């Protein structure tokens, strides 16, 4: 390589870093400028090599940029050790912006959709995280999903199903954010469910929080927060999961979309990221035998605060596309409920879950396991005069495997993903003495489906669910759905 070529390559890299530091959202333009510079000096060889790469082949330009970023961070650390306090603060800010650049390079390497599904810092989906990519001022995004649900006419035991097929605009969502500075921002989600509030729909605020982004390792968040539990509760945009409906485990045991008012911290150090919040507790007056915790959250609406809770999550991302982690929620759920003698119920709720997501070369694997333990359930049953007991232990999990057939036969940005998921959920894995569990609440569900993304922001889905339970009254169903983000 000639000296002129080396200078051109270095200039392109410096241009990339400079643009990204001044505006994190400018990386695509910077990358294009760097590529154009290299192509000018090498007769187009670099671009030809890039377009000829087969899927899954590493991009040497991204490798080079990552090496340069590591060298820049080492130089910043050296300067920070020698500088004044003011200089150290400025260098820390430059390092934070370089980390933003590194994240953008990661998204280019594995694709925006994958990065959105495993975003370790903000804990938000691709559209919900839009405000973080905005330089200043207002950001606007959103998503929507529509569903056709068809049921078999008879249950597994031959009894009439008693269910009507239905068409529903499940959700229409608008994200509104505002970034005052690189440190201070607001993010919110406004949702309309089932199209019309006069016909059973509702309008709600899904989340609304303030972030103070102090350092990558430690930032602060407060407001109405998505609970950092499971895979879909935070990343629930329709393009981030393959099935037409969310898994039962992440509906009944993890009451997606689960949000509580509170405050806490989040951050990232290397391959580890975390979130930890103090929030309002669940309300046991909404728990039920069949639907578990699903109606236990006040969702920030005049929520009772007699009992509080803590939630923490830790994720490990050793490489782009691979995430493994766990979360723990614990708190009181009695919220002032009393028994016949006037004794206040001490209903404790502990939820623990582990999750894994791996995306590589077209393969998409997800696994999740959840266990919930409730205390003082017998007293709760009596206080609420329930004939069927709430489970004092709930458990479930699923494994989902899909493969993008277009990974082997590229069709531009398109993806075609056949998938299969096995799921088990039991909302009465254990009940207090004197009560019997309903076998209908112990379900096993096979879902076989196909998801098609013509572009990363649009998805069409179809699947068939074989829904079995121990009572033999399961009802199979068929789904068609479409979704979008913007």
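The values are calculated or read from the model by the stated rules, or taken from the named source; none is laboratory data. Worth saying up front: this structure is predicted, and the values here are computed from it rather than measured. Glycine also receives a Cβ, built like all others from the backbone with ideal geometry; neighbour counts cover every protein chain displayed.
Could you say which residue among 149, 163 is buried (at least 16 other Cβ atoms within 10 Å of the Cβ) and in the same structural domain as residue 232 (by TED's automatic domain parsing)?
Values: 163 fails: buried (at least 16 other Cβ atoms within 10 Å of the Cβ).
Unique residue meeting the criteria: 149.
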Give just the number: which of (1) farther than 27 Å from residue 290 by Cβ; (2) in contact (Cβ under 8 Å) with a residue 60 or more places away in the chain; (3) surrounded by 15 or more Cβ atoms within 10 Å (Cβ to Cβ) does residue 461 not satisfy? (1)
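Look at segment 387-415 and say how many of its residues are in contact with a helix residue (DSSP H, G or I) (Cβ under 8 Å, 6 or more places away or on another chain), closer than 30 Å to residue 438 by Cα and part of a loop (DSSP other than H, G, I, E, B). Quick ask: steps written out before the conclusion?
Filtering segment 387-415 for residues in contact with a helix residue (DSSP H, G or I) (Cβ under 8 Å, 6 or more places away or on another chain) gives 389-392, 394-398, 414-415.
Still in the list and also closer than 30 Å to residue 438 by Cα: 389-392, 394-398.
Restricting the remaining residues to those that are part of a loop (DSSP other than H, G, I, E, B) gives 389-392.
So the count comes out to 4.
Being out of contact with any helix residue (DSSP H, G or I) (no Cβ under 7 Å at 6 or more places or on another chain), in a strand (DSSP E or B), buried (at least 21 other Cβ atoms within 10 Å of the Cβ) and modelled with pLDDT of 95 or more narrows it down to one residue among 265, 173, 205; which is it?
Working: 265 fails: buried (at least 21 other Cβ atoms within 10 Å of the Cβ); 205 fails: buried (at least 21 other Cβ atoms within 10 Å of the Cβ).
Being out of contact with any helix residue (DSSP H, G or I) (no Cβ under 7 Å at 6 or more places or on another chain), in a strand (DSSP E or B), buried (at least 21 other Cβ atoms within 10 Å of the Cβ) and modelled with pLDDT of 95 or more holds for just one of 265, 173, 205, which is 173.
Condition test on residue 67, is it touching a helix residue (DSSP H, G or I) at 6+ places or on another chain (Cβ under 7 Å) and modelled with pLDDT of 70 or more? Before you say what the answer is, go through the steps one by one.
Numbers: touching a helix residue (DSSP H, G or I) at 6+ places or on another chain (Cβ under 7 Å): no; modelled with pLDDT of 70 or more: yes.
The answer is no for residue 67.
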Counting only residues that are in contact (Cβ under 8 Å) with a residue 60 or more places away in the chain and in contact with a helix residue (DSSP H, G or I) (Cβ under 7 Å, 6 or more places away or on another chain), how many does segment 286-314 have? 5
Within segment 427-452, work out how many residues are surrounded by fewer than 21 Cβ atoms within 10 Å (Cβ to Cβ) and in contact with a helix residue (DSSP H, G or I) (Cβ under 8 Å, 6 or more places away or on another chain). 4
